[in-house]
Amino acid sequence: MAAFGDRAASEVTTSQLSSFLRSLDREGLKPRNVNKHRQVLAAMFTYGCRSDTFALTSNPVRGTDKRREDPPPALDYYEVEEVEALARCCERGEHRATRPVTDPLEQNARRREDRRDADTFRLLFYTGLRLGEVLTLRWEDINLQDRLLLVRRDLSSGEETLPKGRRHRFVPLSTPAAATLARLADREDFLAPDDYVLANRSGRR
């Protein structure tokens, strides 16, 4: 808007657009960011070229140069031991700052919560699920025998919604992920088909 907002779209030239993109280069924007500006401009002028909008005779962005982008870096994955080290920190309660607790009942409750938090991290890393998908996961969505997990819910602003893309999907369970779920299933409560796997998600204990 600062560069072109005070002139008619039909008056904007390829030369002016090229100068604008070069100014972004001089400001230190990365090629990918400059290309995103170029892409938005191209979409705007493409819309303006339609006969039912402004019937511009041409799209001046087409004559500008696209910046050469570096290839994406190689992905660095967490190793199993790194995930387990993080989970052990949670089990020791090191992931949160807490006041000293002397009441045995509260100590026991915190230990249960710390173990649950540790298994939450394990599920996130070993399955690739989003946080909202893990928090809304129910036992009826899990098939430990076939090592499959059905993702059909997410969490948005505290409300259950469909997962991203509004489509259900199956996720295969690796050995560490299946072991985590088996450990969560080895408890006395919250094991009904419609119970949350992470029972405290609903405030139930």
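The values are calculated or read from the model by the stated rules, or taken from the named source; none is laboratory data. All figures in this text were calculated on a predicted structure; none of them were measured in a lab. Positions of Cβ are backbone-derived with ideal geometry, glycine not excepted, and every protein chain shown enters the neighbour counts. SASA here: full protein model, heavy atoms, side chains in, ligands and nucleic acids out. Shrake-Rupley method; radii C 1.70, N 1.55, O 1.52, S 1.80 Å.
The table below gives the values:
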{"item": "Tilt relative to the chain, helix 31-48 - C-alpha long axis, 0 to 90 degrees, to 10", "result": "60"}
{"item": "For the chain, average projected area of the Cα convex hull in nm²", "result": "18.6"}
{"item": "Residues of type lysines that residue 164 reaches as a straight line, Cα spacing below 24 Å, ignoring anything fewer than 8 places off in the same chain", "result": "36"}
{"item": "Amide H contacts under 5 Å for residue 191, placed H, 5+ residues apart", "result": "none"}
{"item": "Rounded percent of accessible protein surface that carbon and sulfur make up, the chain, 1.4 Å probe", "result": "51"}
{"item": "Most fluctuating residue given options 144, 191, 41, as computed from a GNM of the chain linking Cα atoms under 10 Å", "result": "41"}
{"item": "Peptides 157-170, 8-21, 122-135 ordered by average Cβ neighbours within 10 Å, highest first", "result": "122-135, 8-21, 157-170"}
{"item": "Degrees, to the nearest 10: 14-26 long Cα axis against longest axis of the chain", "result": "40"}
{"item": "Length-normalised contact order for the chain - Cα pairs under 8 Å, 6+ apart - percent", "result": "14"}
{"item": "Kirkwood Rh in Å, taken over all unlike Cα pairs in the range 76-156", "result": "14.4"}
{"item": "Accessible surface, the range 1-146, averaged per residue in Å² (probe 1.4 Å)", "result": "70"}
